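Novice: The structure that follows is given in the form of structure tokens.
The values are calculated or read from the model by the stated rules, or taken from the named source; none is laboratory data. Just so we're clear, the structure is a prediction, and the values are computed from it rather than from any experiment. Using ideal geometry, Cβ is built from the backbone for each residue, glycine included, and neighbour counts are taken over all protein chains shown.
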Amino acid sequence: MPTSHSQKITYSSAYTIVPTYECFNRCAYCNFRTEPGKSPWMTISEAEKLFKQLYGKDVCEILILSGEVHPHSPRRQAWFQRIYNLCELALTMGFLPHTNAGPLSFEEMQQLKKVNVSMGLMLEQLAPELLNTVHKHAPSKLPEVRLQQLQWAGELKIPFTTGLLLGIGETEEDWWETLEAISHIHQRYHHIQEVILQPHSPGNQQTFDAPPFDLNQLPKVISQARQILPPDITIQIPPNLVIDTVGVPHVVPLLACIEAGARDLGGIGPKDEVNPDYPHPLLQELQKILEPAKWELVPRLPVYPQFDDWLSVELQTAVRGWRKAEG
């Protein structure tokens, strides 16, 4: 733990929009999805009204987080176009878009690169055994499909975020194998900004009957991940799944995770759409926990500085404006 001066823990001041909650996957632990055709899509006018309300609230990142329309569905093109238009609108209105919409084709990723400063997709776990359990009805959770996304992101020079979901029936060895796969791809393309280590946290909608991931194990996973991953990949943990935002904060697990090597707390906004039962802590709450231990909480953009020159001229201009504003 630092003692003489503060070290930095970063977060993104983000707001999540959901083009649609419908998803053709049925992951047993999901607390997000609705059945295809049962969820209205966000309209451009709705998004514009929402973005206007965000002015002056220090929101930088617009996270476009969507359920998945089947790749062969006749609605796929309209779904993709809606995501593209929402990204374009966010950019036009002064925000920096980051999209996570499940596996995409190479051409779709190539298009979205024009209107996103970064993108993401969780690997979750590469264990094929999960295809018989929590991923039994989730075709896009095939390990090779998700690994392909990381490779395509590298080929397209897209700054990328990925991560692991811990406690969904995998083994400890599966953790290390998945981290090794991330490390291997990154060493080839050098494009991965962050790896999220997300503990399974039961929600009201899921059918997966399992306890939450043991938070006492999380510092160990972080420490080993720090050994496996290249040093230029930041390890991220979601603070709302590590501290109790309803009762007394569990200070020790959060600080232990940071001491083990976590250096980013991800996007902090009004609602965690993936884990709606776990509200994000207020920044003041986090500062109260971190400052006595000499950790300084500072905002960051959704694209790390070393990737700025990968962006188009238009995106570089938008990013430069935010970097100047942050000093």
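Novice: Are any residues in region 271-327 touching a Gly at 6+ places or on another chain (Cβ under 7 Å) and surrounded by 18 or more Cβ atoms within 10 Å (Cβ to Cβ), and if so, which ones?
Specialist: ASN275, HIS280 - these are the residues of region 271-327 that are touching a Gly at 6+ places or on another chain (Cβ under 7 Å) and surrounded by 18 or more Cβ atoms within 10 Å (Cβ to Cβ).
Novice: Something else now. Identify the single condition in (1) among the hydrophobic types (A, V, I, L, M, F, W, C); (2) surrounded by fewer than 19 Cβ atoms within 10 Å (Cβ to Cβ); (3) within 19 Å of LEU147 (Cα to Cα) that MET109 does not satisfy, given that it satisfies every other one.
Specialist: With (1) among the hydrophobic types (A, V, I, L, M, F, W, C); (2) surrounded by fewer than 19 Cβ atoms within 10 Å (Cβ to Cβ); (3) within 19 Å of LEU147 (Cα to Cα) applied to MET109, the lone miss is (2).
Novice: Going by the conditions given, is VAL274 over 20 Å from GLN7 (Cα atoms), assigned to a loop (DSSP other than H, G, I, E, B) and hydrophobic (A, V, I, L, M, F, W, C)?
Specialist: yes
Novice: What is the residue count in region 163-193 for residues that are of a type outside the set (D, E, K, R) and farther than 24 Å from PRO305 by Cβ? Break it down into steps so the answer makes sense when it comes.
Specialist: Within region 163-193, the subset of a type outside the set (D, E, K, R) is 163-169, 171, 175-176, 178-179, 181-187, 189-193.
Restricting the remaining residues to those that are farther than 24 Å from PRO305 by Cβ gives 164-169, 171, 175-176, 178-179, 181, 184.
Total meeting the criteria: 13.
Novice: Restrict the check to region 297-307 and report whether at least one residue is over 24 Å from ILE158 (Cβ atoms) and in contact with an Asp or Glu (Cβ under 7 Å, 6 or more places away or on another chain).
Specialist: There is no residue in region 297-307 that is over 24 Å from ILE158 (Cβ atoms) and in contact with an Asp or Glu (Cβ under 7 Å, 6 or more places away or on another chain).
Novice: If you don't mind, there's one more thing I want to ask. Of PRO103, PRO159, PRO143, which residue is out of contact with any Pro (no Cβ under 6 Å at 6 or more places or on another chain), modelled with pLDDT of 95 or more and under 25 Å from VAL313 (Cβ atoms)?
Specialist: PRO159
Novice: Could you list all residues from region 75-125 that are in a loop (DSSP other than H, G, I, E, B) and without any contact (Cβ under 8 Å) to a residue 24 or more places away in the chain?
Specialist: Answer for region 75-125, where residues must be in a loop (DSSP other than H, G, I, E, B) and without any contact (Cβ under 8 Å) to a residue 24 or more places away in the chain: just ARG75.
Novice: Please specify each residue of region 228-271 satisfying the condition of being under 28 Å from LYS57 (Cα atoms), of a type in the set (D, E, K, R) and at pLDDT 95 or above.
Specialist: ARG263, ASP264
Novice: Consider ASN132 carefully, then state whether it is polar (S, T, N, Q), without any contact (Cβ under 8 Å) to a residue 12 or more places away in the chain and loosely packed, with under 15 Cβ neighbours inside 10 Å.
Specialist: Yes, satisfied.
Novice: Here is a further query. Using the structure shown, decide if LYS141 is of a type outside the set (A, V, I, L, M, F, W, C), surrounded by fewer than 19 Cβ atoms within 10 Å (Cβ to Cβ) and in contact (Cβ under 8 Å) with a residue 40 or more places away in the chain.
Specialist: Judged against the criteria, LYS141 is not a match.
Novice: Given the conditions (1) assigned to a loop (DSSP other than H, G, I, E, B); (2) farther than 19 Å from ILE268 by Cβ, and given that VAL59 satisfies all but one, which numbered condition is not satisfied?
Specialist: (2)
Table: residues versus (1) over 14 Å from ALA28 (Cβ atoms); (2) part of a helix (DSSP H, G or I); (3) touching a Phe, Trp or Tyr at 6+ places or on another chain (Cβ under 9 Å).
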| site | (1), (2), (3) |
| --- | --- |
| VAL145 | yes, yes, no |
| GLN149 | yes, yes, yes |
| GLY154 | yes, yes, yes |
| ILE158 | yes, no, yes |
| GLY163 | yes, no, no |
| THR178 | yes, yes, no |
| ALA181 | yes, yes, no |
